[in-house]
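The values are calculated or read from the model by the stated rules, or taken from the named source; none is laboratory data. Predicted model, so just to flag it, every value in this text is computed and none were measured. Each accessible area value is taken on the protein alone, full model and side chains, heavy atoms only, with ligands, DNA and RNA left out. Shrake-Rupley method; radii C 1.70, N 1.55, O 1.52, S 1.80 Å.
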Amino acid sequence: RNHVGEDASSGSEIVAASQLGGRVAVWFRLDPALAEKGFVAEGDVDVRADVDAGETPSKPRFVRPRAEFRVPNATGTTLAIRPPRLGNYYSNAETDVLLALGCADGSVALCKTGILAARPGRPSGGAAGVVGDTSSASSTQRRQSLQIMSGSTPGDIVASIGEGHACVMSLDFHPTLPNTFAVGRKDGTVDIYSSSHGDDDRLAFRRVHHLVPSHHPIRALTYSRPDGALLFAGDDDGKVFSFDVSIASAAFAASSSSSAGASDASAPPPSPPWASIAAPVKLVACALTAHRGWVMHMAPFPDGRRLATCGSDGAVKVWDC
């Protein structure tokens, strides 16, 4: 899963992969814009000297993961990185890029990667070396190393959400609502979870919707892009469902803008995300014969109007949604 595949402003590239059994590996590549300015990520081997000298590498360069760990009870088939554009909503107690993995006991494990998270909008004059932050390096120096590791233990679990339900088959974060994600389960249900910071500044999740579109496993699940107005789900019977969740997105956008415009320091804090995500969700469309077999995966187009699906029948289809 590419950390920055759809967000060019989020900085450096982070790729995570999982194997059956819950083994996870995480790779890091510095933002090319920073590399051109002479910065390197801490621990990187500087191979540019050979390239500058005109020598072409004769073999592919295999890059070791920055972090490797195993998450107990994780199936290894479901993995998502919390969207970088939602960095302002990270708990102040957590500075890591966080991964979500589905587990056999029905829970979603939210765990640390050991890599510092880029936090858009945060002043860069604080701790030096945040990913994409050049405040720790002088513009007159070349090959200045940037700190990218947080110092935490990769694989530390921040939260375990939804334990005791059917096995997690699919997972996707909402692109605009912070700390909100949908889970597709083996029993054909879809759960939507959202979080706010507790009194101890830790993430506290709760289930805000329980949808029952099918009795077959929901192996494919995604929100539409860029605003997450629709939630798509595909089951093992070849059906594709479309849910309207735009009311929640609009409610949160309205609450965010009103809280941003308030200048009174005594004004009440903004409502938690689940206050808006709990708005009604409606099933608006269903393709009964989308595929002749399992719906394996789906990907939304960034224009918000189309959806690509692929199935075990070997077909790839694009839908007007």
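Laid out as a table, the results:
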read-out: Gained length - Glu68 relative to Asp156, 0.36 nm times residue gap less alpha-carbon distance; value: 30.5 nm
read-out: Solvent exposure, largest accessible area first (probe 1.4 Å, DNA, RNA and ligands not counted), of Val158, Val183; value: Val158, Val183
read-out: Hits among lysines - C-alpha to C-alpha of Lys317 under 29 Å, sequence gap 8 or more where chains match; value: Lys186, Lys239, Lys282
